[in-house]
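In what follows, a single structure is set out as structure tokens and then discussed.
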Amino acid sequence: MVKFNSVFDIIGPVMVGPSSSHTAGAVKIGNAARHLFGEKPNKAVIHLYGSFAKTYKGHGTDLALIAGILGFDTDDKRIPNALKEAEKAGLQFTFIEENTATEHPNTVRINLSVDDDSLELVGVSIGGGKVEIVELNGFNLHLSGNHPAILIMHNDRFGAIASVTEILAKHEVNIGRMEVNRKDVGKEALMTIELDQNIDSDIESELRNARHIVRIAKVIN
Amino acid sequence: MFRTVAELVAQAEENNISLAEVMIRQEMDVYDLAREAIIERMDQNLTVMEQAVKDGLAGVQSHSGLTGGDAVLIQNYMKNHEPLSGSLVLDAVSKAVATNEVNAAMGIVCATPTAGSAGCVPGALFAVKERLNPSREEMINFLFTAGAFGFVVANNAFISGAAGGCQAEVGSAAAMAAAAVVEMAKGTPQQSAEAFAITLKNMLGLVCDPVAGLVEVPCVKRNAAGASNAIVSADMALAGVQSKIPCDEVIGAMYRIGKQMPSALRETAEGGLAATPTGKALAAKLFNQNS
């Protein structure tokens, strides 16, 4: 399977050093977590695995993950001071070094929360600053990475899926691939939808307001 | 979409275009972007690389104190001596070191293909620039050619030290640089592939063993080795030397070697130089300071 699609995955990203996988990749995973959470977290619990767990201090992986969660980009000069920035932003954080073996050596599990609302994802930094989100709230993700996608957390109720597909159909957005999973009957569920085109913010907010939809995030390729 | 170096070279030969042009057209096709947008973005990356070299040659120091200042030493030596390895090679070395010293100091670099190996491509490019006097467009094309080869490696093997050792990082970066040097020197697409294969063969087995887990020792000097290796291999390929093992098979060998490499030698700071008495003492000293 082709994991790298762009020449700019190879010549790039432009980033604050010292490591594309342990610094820039970590910023991107943190950023993805923040983006998927969709609001400002006040607490982050971060589990580090493999090489991430062994070398995070040396690579500034902790700074990078926090920077990403604060919404910074890979070339933001505030990354070296991210822990202080977190304090300013009122973000509490904990790092936990795990010994469990994972499939990829650079793996991190991030739990973001504010009040009762929380989100957990597992991200993998596969090299050169390229990352993959492999798990969201306990659901395995199977994104090809070749197309824009939307992730929709919803309640497992009749009509939830139809409400989403109706909106996409109305806007003439074609679905290339779709996957629906749930924790249990009537419980938390996830729709993963790969599209042939990016959707604009109007469609996104329309989807967000559809029935039984809890949270939605775009994954732009 | 090309998936192998053989396909990349074939596309260039069949259409009578450069390797850089194959990469540009593929990028336009995959992302449905205008040529200008792609060139502009690469131009920005080139500017970042130029600035990093400039900053490094002015002298930087990492927070740990383990690296910094060597690029300046090398440039000063070149002002007063005729380097034994030749001024172009040593110029490439100093510019590769400059880039990675900036990276280690948490400065801004362009990952090529990674940050830890970010010095090889610009080191070779900015040294060869002094000899070949390329246009801005040719320098941008250098990066597309390097990127095309890196693209094949990333999709068929790996480019991170944690996954495949330093051979996957600096090995790939050096080989990418060699291929691009050949194209800039008006070699053929096949000669670029030979230069890539020769360079990577000589980097096979290189482990990732950073002292204290920092991208400093030995990473900065490995980029010096990568940049010089790239230029020597490019010259060999331009001379007509061919790799007995085809480029794609060398990439396959790199992949298998990386898979066989124990975790201690893949960026965990548990083996190799990191596990030497001095390596361990440095790590202990640094972490006591930090905690």
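What follows draws every value from the coordinates through simple rules; no lab data is involved. Here the structure is a predicted model, which is why all the values come from computation and not from measurement. Every residue, glycine as well, gets a Cβ built from its backbone with ideal geometry; the counts of neighbours run over all protein chains shown.
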Q. Convex hull over the Cα atoms of segment A:149-219, averaged projected area in nm²?
A. 4.1
Q: In whole angstrom, note down how far apart the Cα centers of segment B:60-104 and segment B:244-281 are.
A: 25
Q: Have a look at B:Gly123, B:Gly240, B:Gly165 and tell me which one the Gaussian network model of chain B (Cα, springs below 10 Å) gives the largest fluctuation.
A: B:Gly240
Q | Nonlocal amide H pairs with A:Phe93, under 5 Å, H built at 1.01 Å | A | A:Ala44
**Q.** Backbone HN-Hα couplings from phi across segment B:187-200 [Karplus 6.51/-1.76/1.60, Hz, Gly and Pro as x]
**A.** x, 7, x, 5, 5, 4, 5, 5, 4, 4, 5, 4, 4, 5
Q. So what's the net charge close to B:Gln167: Lys and Arg +1, Asp and Glu -1, counting the other residues with Cβ under 13 Å from its Cβ?
A. +2
Q. What does the convex hull of the Cα atoms of segment A:7-136 come to per residue, in Å³, rounded to a whole number?
A. 93
Q. So who's got an amide H within less than 5 Å of the one on A:Asp75, skipping anything under 5 residues away but keeping other chains? H placed 1.01 Å off N, in plane.
A. A:Val16
Q) Where does segment B:67-194 land on Rg/Rh, using Cα atoms and the Kirkwood Rh? A) 0.98
**Q.** Vicinal HN-Hα couplings computed from phi for segment B:48-59 (Karplus, 6.51 cos²θ - 1.76 cosθ + 1.60; Hz; Gly/Pro x)
**A.** 4, 5, 4, 5, 4, 4, 4, 4, x, 6, 7, x
**Q.** Convex hull of segment B:5-290 built on C-alpha atoms - directionally averaged projected area, nm²
**A.** 14.9
Q.
If you take every residue apart from A:Asn146 with its C-beta less than 12 Å away from the C-beta of A:Asn146, what net charge results, scoring Lys and Arg +1 and Asp and Glu -1?
A. 0
Q.
Just to be sure I understand: with springs between alpha-carbon atoms less than 10 Å apart, which residue in B:Ala168, B:Ala225, B:Ala146 has the highest mean-square fluctuation in the Gaussian network model of chain B?
A. B:Ala225
Q) Given the rule -39500 (n - 2.57) for each run of at least 4 DSSP H residues, summed and divided by the residues of chain A, what is its mean residue ellipticity at 222 nm, to the nearest 500 deg cm²/dmol? A) -8000 deg cm²/dmol
Q: Report Rg (one decimal) and Dmax (nearest whole number) for chain A, counting Cα atoms only, units Å.
A: 17.4, 51
Q: Would you pull out the residues with amide H under 5 Å of A:Arg215's amide H, same chain only if 5 or more places away, H placed 1.01 Å from N?
A: A:Met153
**Q.** Debye-sum result for segment B:11-97 in log10 I(q)/I(0), which assumes one identical scatterer on each alpha carbon, at q = 0.25 Å⁻¹
**A.** -1.14
Q: Could you let me know the centre-to-centre spacing of segment B:130-184 and segment A:128-202, using Cα atoms, in angstrom?
A: 36
Q. For A:64-77, what's the mean count of beta carbons from other chains sitting within 10 Å of each residue's beta carbon?
A. 1
Q.
Taking 56 Å as R0, compute the FRET efficiency from the Cβ-Cβ separation of A:Glu39 and B:Arg131 and round it to 0.05.
A. 0.50
Q: Step through the residues of segment B:232-247 one at a time and calculate ³J(HN,Hα) from phi using the Karplus curve (6.51 cos²θ - 1.76 cosθ + 1.60, θ = phi - 60°), rounding each to whole Hz and writing x for Gly and Pro.
A: 5, 5, 4, 4, 4, 5, 5, 6, x, 5, 10, 7, 5, 8, x, 3
**Q.** Using alpha carbons only: equivalent-ellipsoid semi-axes of the protein assembly as shown, gyration tensor based, whole Å
**A.** 39, 28, 19
Q. Quick one: net charge of B:Gly252's neighbours, Cβ under 14 Å, K/R +1, D/E -1?
A. +2
**Q.** Estimated [θ] at 222 nm from DSSP helical runs (n ≥ 4, -39500 (n - 2.57)) normalised by residues in chain B, nearest 500
**A.** -21000 deg cm²/dmol
Q. With chain A treated as a Gaussian network of Cα nodes joined by springs under 10 Å, which of A:Ile199, A:Ile110, A:Ile29 yields the largest mean-square fluctuation?
A. A:Ile199
